1. Mind giving me the FRET efficiency for LEU34 and ARG138? R0 is 41 Å, r the Cβ-Cβ distance, nearest 0.05 is fine.
2. Using label points projected 7 Å from each Cα along Cα→Cβ, tell me how many nm separate ARG64 and LEU118, to one decimal.
3. Pulled fully out, how much extra length does the chain show between LEU103 and SER82, if you take 0.36 nm times their separation in residues and subtract their Cα-Cα distance?
4. In whole Hz and in residue order, list the ³J(HN,Hα) couplings for the stretch 15-25 that follow from phi through the Karplus curve 6.51 cos²θ - 1.76 cosθ + 1.60, θ = phi - 60°; x for Gly and Pro.
5. Not counting ligands, DNA or RNA, and with a 1.4 Å probe, what is THR18's accessible surface area in Å² rounded to the nearest 10?
Amino acid sequence: MTTGVPTPTARGRSRARTLIPLATAAWLVLEIWLLTVVAGAAGGLTVLALLLGGAVLGAVVIKRAGRRAFRSLTETLQRQQSGLAPAEGDRLGGNGLLMLGGLLLMLPGLISDAAGLLLLVPPVRAALGRFAERSIERRVRKAAPGSLGDAFRQARIHRPDGKVVQGEVIREDVPPPQRRAGEESRPPLTP
């Protein structure tokens, strides 16, 4: 029986929604296979010691990075309350990647441990941080007006003292939209 309402068209799956589960499954299979190979070559107790050592090291790294991030945040808030401009060198991005490295170390598996150990190396962490920052900036610049990325771009307009300036951009070079006959002008949504 048809109701006269057109059936909604199914939207195709994005490439990421297809590849992420497959990549996760392949990673898990590879981790298990590698653990069995190492257990066969070196023994089960050696693998157990590696996994426990990775978990302990990961917990220590996460705890240390969390303390550094909290200390840096506290210092920044104290500077802002005293009216001083935030220091240029203050960045919390390194702590996030350090915590990610600790989390990878805590996950059971040798590949995740190797990736976590790589994130503990400062030059690797700095290069990955720069790459992530450029990637995010590119995506924010491409964001359509009215989207979440556009709101993020608007929230990043700061005064020299670090305070966010609320406002709206009115472009003079774009002609106003033409009204149809009988259509009234509407007031803005916000007072």
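1. After rounding to 0.05, the efficiency reads 0.75.
2. 2.1
3. 4.0 nm
4. 5, 5, 5, 8, 7, 4, x, 5, 5, 5, 5
5. About 60 Å², ignoring ligands and nucleic acids.
The values are calculated or read from the model by the stated rules, or taken from the named source; none is laboratory data. Just so it is clear, the structure is predicted and the values come from calculations on it, not from any experiment. Note that each Cβ is placed from the backbone with ideal geometry, even for glycine, and that neighbours are counted across all protein chains shown. Areas reflect the complete protein model, heavy atoms only, side chains present, ligands, DNA and RNA absent. Shrake-Rupley method; radii C 1.70, N 1.55, O 1.52, S 1.80 Å.
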